[in-house]
Structures are given as structure tokens and as C-alpha cells.
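Trainee: Sending over a structure as C-alpha cells; questions will come in a sec.
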């Protein structure tokens, strides 16, 4: 993310527009408001800075705000923790992370860990959401997308995405918001830049979500799959950062023990297990 593109100002404007006056204790103003959300002057008052200074911040004419000012602006617009961290990075106040040289290589110990979840879907993603490794359960769930290893491309380009992901809008939105968070953490990552550029041109729905300028971490998620021969499979996911490979993430999805989803996963794995036992 190059500051010449004024990503900081774009992010501030987007969040200001979706912050309702009532959320920050201001009167709604009825039909007298000509702008959506907060006015610049209102953000300035709430943050304790001058209107001129805040205007210069949005316009990209002030490129070196202090941590105190950025914190005050984030609080004024009631940003989430993820959004506030993203705001700090855009203001060059958090050092940008650099993905490890072998970011597409999964450490052998992590590969072993994947197989330690025999009843869960476990896989490793790159910063640009390429599937770098997966265990048996994840391989079965993602089998309809064989040949498309990137989850963003799967969601927005694969013809079966909406069929398999029952709650596609929720998954798609969370994925784009997380990708924008990664773009802020890794501003020099060519894979992320290339993916965003490609999808913005090829997928209108991606472009719309990207232009929302929202960020979010996929630390916890609920996904529903619909697979032929297995039916509906509901999983709760937890996401873990891989600290020795910055940008890689381990996702683990589990079904409720004794549930229909758990039984469906067992039935999907049964053919492969029978083949292994007779091989």
C-alpha cells in the first residue's frame, strides 16, 4: 500500500461515512445532513484536533500524524481493534511485516500437526490465501475446487462456490475484509497486490466488498458446507498465526461431537480409510 495513493485518507473517509452520529453521542440531524455518517468537523471535535488538521489528514497532505492523534481518531469513529491496528499501519506507525522468504513453504512440524486433527478440517493459508497444505478432512471438503488453490479465487470465480458454501455472502465478506487486513500488514507482498488487482477487474462482487474499506481478522468463524453424498456440514473454525512464518495461518474447523456434521465427515473419510487398510 503506497502512501502516494492516500490509502490512509480513503480508509478514514470510508469509516467516517459509516459511523452514525448517534453511535458517538451526536444528534442525527434529520434531513439537514448532506453527508452520510459523520462530518469532518465532528470527527475533529471528537478526536480533539483542529478541523483543518483532520482535513489535511484525509486529503493526504498530512503524512506524519502522531500515535496520539491516530489513536484519538480511531476512538472517535469507534473503530474495532483490527480496524484501529490497520489505521496505525496505514499511518506508518506500526512497522510493516515482511513475509518470510519461504512463506509458501510449510514447516515439516506444521505438516505433522495437520494430521493430528483426524476429525477436523485443518489447512494452512499463505498471506494471499493460497492453500499451502491440508489434512484429509480439509481435502475432502475442498475437493470440489481441485485445481483452484486460492480461496479468494474459489469464492469469487469458481462456479460451485455458492453451492458448496451455503452462507456464501458471509464467508466472502469475511475473506475480503481479512485480505485487506493482510494487505496492510504486508504492503509489499506482490501476491496480494496481484490478487487484488486481478479480482477487482474480474469479479464485481469482490470489487464492491474491497471498496468498502473494511478490515477484520478471521480468528473465529462458522462455515456451512453442502457436499454431494454428505449433505450439510457445519464447522466452527479457529485461526492461528504461524509465528515462524509471518503471514501463514493455520485454520482448524471442528464439528459438534456426536452431531450430524461429525457423522457426515466420518462417512466422507470412510472410502479413503478403507482403501488405506486394504492397500
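Readers should treat all values here as calculations from the given coordinates under stated rules, not as data from a laboratory. On a predicted model such as this, the values are computed, not experimentally measured, just so you know. Note that we place each Cβ from the backbone using ideal geometry, even for glycine, and neighbour counts take in every protein chain shown.
Trainee: Across region 125-272, how large is the tail of the calculated P(r) beyond 23 Å, expressed as a percent of all Cα pairs?
Mentor: Of the Cα pairs, 35 percent sit more than 23 Å apart.
Trainee: If you build a Gaussian network model of the chain, linking Cα atoms that sit under 10 Å apart, which residue out of 35, 45, 154 swings the most?
Mentor: 35
Trainee: If you line up the long axis of helix 81-90 against the longest principal axis of the chain, both from Cα atoms, how many degrees apart are they, to the nearest 10?
Mentor: Approximately 70 degrees, to the nearest ten.
Trainee: Once both axes come from the Cα atoms, what is the angle between helix 260-278 and the longest principal axis of the chain, in degrees from 0 to 90, rounded to 10?
Mentor: Roughly 50 degrees, rounded to the nearest 10.
Trainee: Right, next: Per-residue ellipticity at 222 nm for the chain, helices alone: DSSP H runs ≥ 4 residues times -39500 (n - 2.57), over residue total, nearest 500 deg cm²/dmol?
Mentor: It comes out at -13500 deg cm²/dmol, rounded to the nearest 500.
Trainee: Relative contact order of region 190-279, please, whole-number percent, based on alpha carbon pairs below 8 angstrom and at least 6 residues apart.
Mentor: 17
Trainee: Something else: Can you tell me the relative contact order of region 15-173? Whole percent, Cα pairs under 8 Å, sequence separation 6 or more.
Mentor: 12
Trainee: If neighbour count is taken as other Cβ atoms inside 10 Å, put 237, 53 in order from fewest to most. Walk me through the numbers on the way to the answer.
Mentor: Details: 237 17, 53 14.
Ascending Cβ contact count within 10 Å gives the list 53, 237.
Trainee: Now, a different point. What is the distance in Å between the Cα centroid of region 128-164 and that of region 221-270?
Mentor: Between the Cα centre of region 128-164 and that of region 221-270, the gap is 13 Å.
Trainee: Further question on the same structure: Taking the Cα atoms only, what angle lies between the long axis of helix 67-76 and the longest principal axis of the chain, rounded to 10 degrees?
Mentor: The two axes meet at around 80 degrees.
Trainee: With 10 angstrom as the radius, rank 223, 36 by how many other C-beta atoms surround their C-beta, starting from the fewest.
Mentor: Numbers: 223 20, 36 10.
Starting with the residue having the fewest Cβ neighbours, the order is 36, 223.
Trainee: Zone of residue 226 (label point 7 Å along Cα→Cβ, backbone N under 15 Å): which residues in region 159-182?
Mentor: Under cut-off, by backbone N: 159-171.
Trainee: Suppose each label sits 7 Å from its Cα in the direction of the beta carbon; what would the residue 105-residue 50 distance come out to in nanometres?
Mentor: 5.4
Trainee: Using Cα pairs closer than 8 Å and at least 6 residues apart in sequence, work out the relative contact order for the chain, in percent.
Mentor: Dividing the mean separation by the residue count of the chain yields 18 percent.
Trainee: In addition: Report P(r) for the chain: all Cα-Cα distances, bin width 10 Å, range 0 to the bin holding the largest distance, values in whole percent.
Mentor: 6, 26, 29, 21, 12, 5, 1, 0
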